[in-house]
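*Asks:* Sharing a structure here in structure tokens format.
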Amino acid sequence: MFKLLKNLRPRDVALWLAAVLLIAAQVWLELKMPDYMATITKLVQTEGSEMGDILQNGLKMVLCALGSLVSAIGVGYIISTVSATFSMRVRKRLFDKVEELSLNEVSKFSTSSLITRSTNDITQIQMLVSMGGQMLVRAPMTAAWAIVKISNKSWQWSTATAITVVFLLSMAAILMSIVVPRFKIVQKLTDKINNVTRENLTGIRAVRAFNAEHYQEKKFAKVNDKLTGVQIFNQRMLALMSPIMYLSMEGLALAIYVIGAALIDGASMSDKITLFGDMIVFSSYALQVVISFLMLALIFTMIPRAQVSAGRINEVLVTPISLQDGSFKGETSEIGTVEFRNVSFKYPDAEDYLLKDISFEAKRGETVAFIGSTGSGKTTLINLVPRFYDATDGEVFVDGINVREYKQTALRNKIGYVSQKAIMFDGTVKSNVAYGDNGREKISDKKVREAIKVAQAKNFVEKMNKDYDSHIAQGGTNISGGQKQRLAIARAVARDPEIFIFDDSFSALDYKTDAALRKALQEYTGGATNLIVAQRIGTIMHADKILVLDEGKCVGQGTHKELMKNCEVYREIALSQLTKEELNV
């Protein structure tokens, strides 16, 4: 928790100190009012008192109340400003950290958990900073001041107050010992319920296609019921504080009046009025003491939950970054070359290598394709080029420079990447194609139109209601799979990169569109290097070089004709898709 307080700025500290001064003024004004009340009581009970004196003291009480109101408004404004800006900085820092994490680190945290940490957990901390911080100053100050005020009144009344405070704190401690351990459970269950909800929404088509609504409902209900059960238990336990508080406060008031009645009954006539006034004042101050300690107890209910949330946030913030940024900014004599030298790769927690001793070179303007069975490591291999992962052994070079030496932004500005799953963002056709920073100039509307034409997307885009300004839903749910793939390809084309990476990016296209797109790409991109992962032989058979992967090893490398003669794995894949005549064998 204290680590996150580093996000407070000097201005926040100055505002906080101003809030403390206002709280002190508010407490002083509130505790001053019982004194005027006692004076008024004595004046009312004393014969010959002037109405002007009573009204004067009443006016002072009104002014104290107004001053307390103004102080409360000022405190509320300052504390809300500090807490909101504090949570904004923490959320931004957390978001920036998640953006820096490599895929290795992201895999340690689920997407739903990262969402919960960025929202619910930060909200818990914000509540502690706003409400808890205010009460943490006000409660001890009020209690101490009130105790000083009543300390010289009567030991009987003081004893009754002390017993009430001890009873309240004991009950609060018992309840906290029961509830606090369940706060961490609540946060983990919140992660799970977010995960189930997100899974249901992203997979809604499959859910409906397989009539799995009831299955998803039961899956959600299982997690939801568990979360509800824990939350109901927690709320029931915390709800006990309210009747205990009122019982304590009313019991204390009753005890003060009973004790006061006995004291007044046994006092002389001259002391009766003084004791009656003291009783009125003491009851007001005693309630302030009890309420202050109760506020402290409530803070202690907030702190453990915020502490759990802070720990979850810090868990992300302190995660070491495995991909350290290089210093090279990307100006090279070579352009568009990619080379793998004896590259092997395995995931951090894995025992076996996913890629083993891969070596090849792609020169400028060449098309190098990768093919193999599912799970052979094709996607992992090309993900080493933009440095989504680092090779475990061996080296990867882009334009003659080891990718580890590049600044990651400079490296990725050389690349036009089209992922296996076409990703669309909420926005327009234009904003999706002109997405990101290519490190040179802003992508113009003209460039967007050219890229869409090359990607064979012009026809369907211009038929949309607002053509290039038409809305694209998050995830591209309002367009087809083939349309998403073509817009994703247009996004890469619009950057004018040195190197294109196509990760099975033509799978949703029909053969005619596939052929037309590859031809347009060749004509438009000119000297750009193409790295293509594909399952269809027809997509890659004209590549300059084809690498055949099998269980992470390169079992064949060459042109289509060479591999048909020399590589059994490639020949089996090819003959399973096309006839010998189509394969030109």
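The values are calculated or read from the model by the stated rules, or taken from the named source; none is laboratory data. Source: prediction; values computed, not measured. Positions of Cβ are generated from backbone atoms using ideal geometry, with glycine treated the same way; all protein chains shown enter the neighbour counts.
*Asks:* Can you go through ILE174, ILE204 and tell me which one is aliphatic (A, V, I, L, M), out of contact with any Lys or Arg (no Cβ under 7 Å at 6 or more places or on another chain), exposed (fewer than 15 other Cβ atoms within 10 Å of the Cβ) and over 19 Å from ARG305 (Cβ atoms)?
*Replies:* Going through ILE174, ILE204 in turn, the sole match is ILE204.
*Asks:* A further question follows. Of all the residues that make up region 278-335, how many are outside any helix (DSSP H, G or I) and either basic (Lys, Arg) or under 30 Å from ILE264 (Cβ atoms) (or both)?
*Replies:* 1
*Asks:* Looking at region 531-552 only, could you name the residues that are at pLDDT below 90 and of a type outside the set (A, V, I, L, M, F, W, C)?
*Replies:* Answer for region 531-552, where residues must be at pLDDT below 90 and of a type outside the set (A, V, I, L, M, F, W, C): GLN535, ARG536, GLY538, THR539, HIS542, ASP544, ASP550, GLU551, GLY552.
*Asks:* Residues to consider are ALA508, ALA520; find the one that is more than 28 Å from GLY400 (Cα to Cα), part of a loop (DSSP other than H, G, I, E, B) and not hydroxyl-bearing (Ser, Thr, Tyr).
*Replies:* ALA508
*Asks:* Among the residues of region 109-130, which ones are surrounded by 17 or more Cβ atoms within 10 Å (Cβ to Cβ) and either free of Cβ contacts under 8 Å to residues at least 60 places away in the same chain or farther than 26 Å from THR202 by Cα (or both)?
*Replies:* SER118, GLN124, ILE125, GLN126, MET127, LEU128, VAL129, SER130
*Asks:* Quick one: is LYS346 basic (Lys, Arg), closer than 26 Å to VAL385 by Cα and out of contact with any Ser or Thr (no Cβ under 8 Å at 6 or more places or on another chain)?
*Replies:* no
*Asks:* Taking region 68-84 as the search range and keeping residues that are among the β-branched types (Val, Ile, Thr) and crowded, with 17+ Cβ neighbours inside 10 Å, which one is farthest from the chain's Cα centre (by Cα)?
*Replies:* Once the filter is applied, the top-ranked residue is VAL75.
*Asks:* Just one of the numbered conditions (1) more than 21 Å from VAL454 (Cβ to Cβ); (2) surrounded by 20 or more Cβ atoms within 10 Å (Cβ to Cβ); (3) out of contact with any Leu (no Cβ under 9 Å at 6 or more places or on another chain) is not true of LEU521; which one?
*Replies:* Single failed check for LEU521: (1).
*Asks:* Do we find that ASN314 is modelled with pLDDT of 80 or more and within 25 Å of the chain's Cα centre (by Cα) in this structure?
*Replies:* Against the criterion (modelled with pLDDT of 80 or more and within 25 Å of the chain's Cα centre (by Cα)), ASN314 qualifies.
*Asks:* May I ask you to list pairs of residues, at least six apart or on different chains, whose Cβ atoms are under 9 Å apart, with the first in region 558-573 being without any contact (Cβ under 8 Å) to a residue 12 or more places away in the chain and the second being surrounded by fewer than 17 Cβ atoms within 10 Å (Cβ to Cβ) and assigned to a helix (DSSP H, G or I)?
*Replies:* ARG571/LYS565
*Asks:* A further question follows. Quick one: how many residues across region 338-357 are in contact (Cβ under 8 Å) with a residue 60 or more places away in the chain and more than 38 Å from the chain's Cα centre (by Cα)?
*Replies:* 1
*Asks:* I'd like the residue in region 479-512 that is touching a helix residue (DSSP H, G or I) at 6+ places or on another chain (Cβ under 7 Å) and hydroxyl-bearing (Ser, Thr, Tyr) and, out of all such residues, is nearest to LYS446 (Cα to Cα).
*Replies:* SER505
*Asks:* Inside region 113-157, can you point out the residues that are among the small types (Gly, Ala, Ser) and modelled with pLDDT under 75?
*Replies:* The answer is GLY132, GLY133, ALA143, ALA144, ALA146, SER151, SER154.
*Asks:* Can you pull out every residue in region 162-174 that is closer than 12 Å to ALA255 by Cβ and either small (Gly, Ala, Ser) or at pLDDT below 75 (or both)?
*Replies:* Across region 162-174, the qualifying residue is only ALA162.
*Asks:* Take the residues in region 174-213 that are part of a helix (DSSP H, G or I) and polar (S, T, N, Q), then tell me which one is farthest from LYS226 (Cα to Cα).
*Replies:* Here the residue is THR202.
*Asks:* Say whether the condition of being touching a residue at least 24 places away in the same chain (Cβ under 8 Å) and among the aromatic types (Phe, Trp, Tyr) is met by at least one residue in region 62-79.
*Replies:* No; the residues of region 62-79 include none that is touching a residue at least 24 places away in the same chain (Cβ under 8 Å) and among the aromatic types (Phe, Trp, Tyr).
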